[in-house]
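Remarks on the structure that follows.
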Amino acid sequence: NVGFGCLVYVMWLTSDPGQDETYTSILYCSKAKVTPKVTTTPWAELAGLVLLVCLLKKVLPNIDKRPARLTLFGDSTCTIASMQMNVQGMRPFFANRVLEVVTHLKGMGCEADREVTQELTLEERLDQEADTKIDLIQPIAGISNPADVPSRGSIEWADMGLNSTYQKGPDFIRQPRPTWEEIITRDFVKRLLEEEIKKQFHNVMMI
């Protein structure tokens, strides 16, 4: 991988209550880094997630209105699986960065109390006193992930125009959440690569 990066999009409802819901989205900010030569692909993917939550930690306090909901997407099943596993079984690189991500997210809000494909009520969206609801990290195909562009090293200025996927995000995020079921699937093996699992040693005392 040439590099890794992250994108933050803001999505808001543009239809009146009671009508078919329509949404608008726009790129709020982004960040990318060059991948060090010694970094493996799983490490780069996890580093991209750390980069995202660190960016969110700086961005969210400076948004005029508190986001009602925060949904993170990634195309690395290894990274997504690591966020739902006990760090005691991981090697230091993964364990430390997973803890960093979890700690930052806890400081941004509370865990969502519903599936990612279920909408918040209008009252919940407008309640500026409530904590931001944070969904589990969702899998997205690499070809549909605009944040995957830095890893390809082939982006052109024409690919970043005002109406591009890079600027507006994937089409599905501007659709009602129930339609996301066609895009999101958690049907993958939730495990780490063997080389990222801490080896267990057992001491045997012989008398």
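The values are calculated or read from the model by the stated rules, or taken from the named source; none is laboratory data. Since the model is a prediction, treat every value here as computed from it, not as a measurement. Note: ideal-geometry Cβ built from the backbone for every residue, glycine included; neighbour counts use all protein chains shown. These area figures cover heavy atoms from the full protein model, side chains too; ligands, DNA and RNA do not enter into them. Shrake-Rupley method; radii C 1.70, N 1.55, O 1.52, S 1.80 Å.
So for region 17-40 (the condition being over 19 Å from Arg177 (Cβ atoms), at pLDDT below 95 and among the acidic types (Asp, Glu)), does at least one residue qualify?
Within region 17-40, none of the residues are over 19 Å from Arg177 (Cβ atoms), at pLDDT below 95 and among the acidic types (Asp, Glu).
Criterion first (part of a helix (DSSP H, G or I) and under 24 Å from Gly169 (Cβ atoms)) does Thr79 satisfy it?
For Thr79, the condition - part of a helix (DSSP H, G or I) and under 24 Å from Gly169 (Cβ atoms) - is met.
Out of everything in region 125-136 that is surrounded by 13 or more Cβ atoms within 10 Å (Cβ to Cβ) and out of contact with any helix residue (DSSP H, G or I) (no Cβ under 6 Å at 6 or more places or on another chain), what residue ends up being farthest from Gln84 (Cα to Cα)?
Only one residue tops the list, namely Asp127.
Identify all residues within region 97-111 that are surrounded by 13 or more Cβ atoms within 10 Å (Cβ to Cβ) and not hydrophobic (A, V, I, L, M, F, W, C); write none if there are none.
Arg97, Glu100, His104, Gly109
This table checks each residue for (1) modelled with pLDDT under 85; (2) exposed (fewer than 13 other Cβ atoms within 10 Å of the Cβ); (3) assigned to a helix (DSSP H, G or I).
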residue: Gln167; (1), (2), (3): no, no, yes
residue: Glu181; (1), (2), (3): no, yes, yes
residue: Phe188; (1), (2), (3): yes, yes, no
residue: Met205; (1), (2), (3): yes, yes, no
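Select from region 14-71 the residues that are of a type in the set (Phe, Trp, Tyr) and without any contact (Cβ under 8 Å) to a residue 60 or more places away in the chain and write down the one among them that is surrounded by the most Cβ atoms within 10 Å (Cβ to Cβ).
Step by step, filter region 14-71, then rank; the result is Trp43.
Working only within region 72-96, note down all residues that are over 21 Å from Arg114 (Cα atoms) and surrounded by fewer than 19 Cβ atoms within 10 Å (Cβ to Cβ).
Asp75, Thr77, Asn86, Val87, Gln88, Gly89, Arg91, Pro92, Phe93, Ala95, Asn96
For region 112-124, which residues satisfy the criterion of being open to solvent by less than 30 Å² (accessible area, probe 1.4 Å) and hydrophobic (A, V, I, L, M, F, W, C)?
Once the filter is applied, which keeps residues that are open to solvent by less than 30 Å² (accessible area, probe 1.4 Å) and hydrophobic (A, V, I, L, M, F, W, C), region 112-124 yields Ala112, Val116, Leu120.
Any residue in region 89-106 that is modelled with pLDDT under 90, part of a loop (DSSP other than H, G, I, E, B) and hydrophobic (A, V, I, L, M, F, W, C)?
No - not one qualifying residue is present in region 89-106.
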